[in-house]
Amino acid sequence: MSTQDGVYIFCAIREKAPKKFGTVHLNERKSGVYTIHFNNVAMVVSKVAGEVLPTRNNLMAHQQKISEVMKQYSVIPMSFGNVFHSKNDVLLIMEHLDEEFEKLFSQLENKMEVGLKVIPKKEWVDQEMKKDPLLNEWKIKQKDHANFYEQIQIGEQAKKFILHLEEKAATEIFESLLELAEAGKQNKTIPGKTLLNAAFLIDSTNEESFDKKVNDLYEIWKDKAEFKYSGPWAAYNFVNIRLRIEGK
């Protein structure tokens with residue numbers, strides 16, 4: 001997109017009256033944040049000059065503004081970087097997605113997303129590895145001189161070992177938390193570095209119970225892994241909207 005002014009989209013809310021949400025810095029330029037309306041839905045937007053690139057400051061501004069709006073509304077978050085040429089383009093998108101927005105609002109009303117990453121401790125992984133004869137022998141001897149077929153065998157066994165640990169975390173942690181959530185999603189892990197990378201959609205009235213369950217599970221797992229528990233976030237993992245104007 002050129003450097004001419006465009007309209008940057010943060011999120012959608014249920015609101016009929018015009019609203020303002022302070023200011024935002026995008027592309028090192030300060031702009032007011034306001035709403036564009038279609039039926040019962042308002043899109044939270046700001047003016048912006050040119051394409052919005054994923055710099056640290058722009059990414060933070062996007063997330064912080066949505067978090068600010070979340071203090072007052074249930075939101076449908078938009079992915080980073082959506083810039084449209086004009087208000088009319090935004091209205092076309094809103095008209096096209098009107099029914100989908102209504103369905104999503106009914107699903108996301110008073111809901112929030114939280115994230116949980118489970119990072120295994122090296123000491124525990126080493127202990128678990130000792131239970132596998134092939135991997136334990138390899139670790140003891142540090143078989144750098146292993147021949148081609150031995151390397152393949154060790155590699156396949158290591159994959160199975162890591163998968164076993166990830167399945168253990170999924171069964172004992174993810175499935176336990178899913179019982180208290182409206183929905184859950186397991187995202188990609190880094191093999192050997194992350195056992196679980198999960199997002200959960202929870203009702204705001206159930207936040208305290210969910211937090212307690214996370215703490216209870218941590219007490220069980222604290223000698224095995226670190227927990228990185230984050231949120232509340234807008235429900236990015238549970239919204240999949242393509243902002244596209246037909247023919248463009």
Quick one: would you say GLU68 is surrounded by 15 or more Cβ atoms within 10 Å (Cβ to Cβ) and among the acidic types (Asp, Glu)? yes
Give the residues of the range 53-64 that are over 22 Å from LEU108 (Cα atoms) and surrounded by 17 or more Cβ atoms within 10 Å (Cβ to Cβ), sorted by residue number. ASN58, ALA61
Determine the pairs where a residue that is free of Cβ contacts under 8 Å to residues at least 40 places away in the same chain and surrounded by 16 or more Cβ atoms within 10 Å (Cβ to Cβ), located within the range 172-195, has a partner that is not in a helix (DSSP H, G or I) and not hydrophobic (A, V, I, L, M, F, W, C) with Cβ atoms under 6 Å apart, the partner being 6 or more residues away or on another chain. LEU178/GLY184; THR189/ASN197
Taking interchain pairs and intrachain pairs at least six residues apart, which have beta carbon atoms under 7 angstrom, with the first residue in the range 106-134 and more than 30 Å from LEU201 (Cβ to Cβ) and among the acidic types (Asp, Glu) and the second part of a helix (DSSP H, G or I) and modelled with pLDDT under 85? ASP132/GLN157; ASP132/PHE161
Given (1) assigned to a loop (DSSP other than H, G, I, E, B); (2) within 15 Å of ASN88 (Cα to Cα), where does PRO18 come up short, assuming only one miss? (2)
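What number of residues within the range 4-52 satisfy the criterion of being among the hydrophobic types (A, V, I, L, M, F, W, C), free of Cβ contacts under 8 Å to residues at least 60 places away in the same chain and surrounded by 12 or more Cβ atoms within 10 Å (Cβ to Cβ)?
Qualifying residue count, the range 4-52: 12.
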What do you reckon, is VAL90 modelled with pLDDT under 90, out of contact with any Ser or Thr (no Cβ under 8 Å at 6 or more places or on another chain) and at negative phi? no
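Working only within the range 186-232, note down all residues that are in a strand (DSSP E or B), of a type outside the set (A, V, I, L, M, F, W, C) and over 17 Å from the mean Cα position of the chain (by Cα).
Taking the range 186-232 and keeping what is in a strand (DSSP E or B), we get 186, 196-203, 225-232.
Subset that is of a type outside the set (A, V, I, L, M, F, W, C): 186, 197, 203, 226, 228-232.
Within the range 186-232, GLU226 is the sole residue that qualifies.
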Do we find a residue being under 30 Å from ASP211 (Cβ atoms) and open to solvent by less than 40 Å² (accessible area, probe 1.4 Å) anywhere in the range 82-98? no
Residues that are of a type in the set (Lys, Arg), at least 2 per element: which strands (runs of 3 or more DSSP E) completely within the range 28-134 meet that? 29-38, 111-120
Exactly one of TRP233, TRP221 is closer than 30 Å to PHE101 by Cα, modelled with pLDDT of 90 or more and aromatic (Phe, Trp, Tyr), and that residue is TRP233
Which one of the conditions (1) open to solvent by 30 Å² or more (accessible area, probe 1.4 Å); (2) among the small types (Gly, Ala, Ser); (3) at pLDDT below 85 does SER209 fail to meet, given that it meets all the rest? (3)
Out of the residues in the range 117-141 that are open to solvent by less than 90 Å² (accessible area, probe 1.4 Å) and modelled with pLDDT under 65, which is nearest to the chain's Cα centre (by Cα)? LEU135
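The values are calculated or read from the model by the stated rules, or taken from the named source; none is laboratory data. Nothing here was measured: the structure is a model prediction, and the numbers come from that model. Here the Cβ is made from the backbone with ideal geometry for all residues, glycine too, and neighbour counts use every protein chain on show. Protein only, heavy atoms only, side chains kept; ligands, DNA and RNA dropped before computing areas. Shrake-Rupley method; radii C 1.70, N 1.55, O 1.52, S 1.80 Å.
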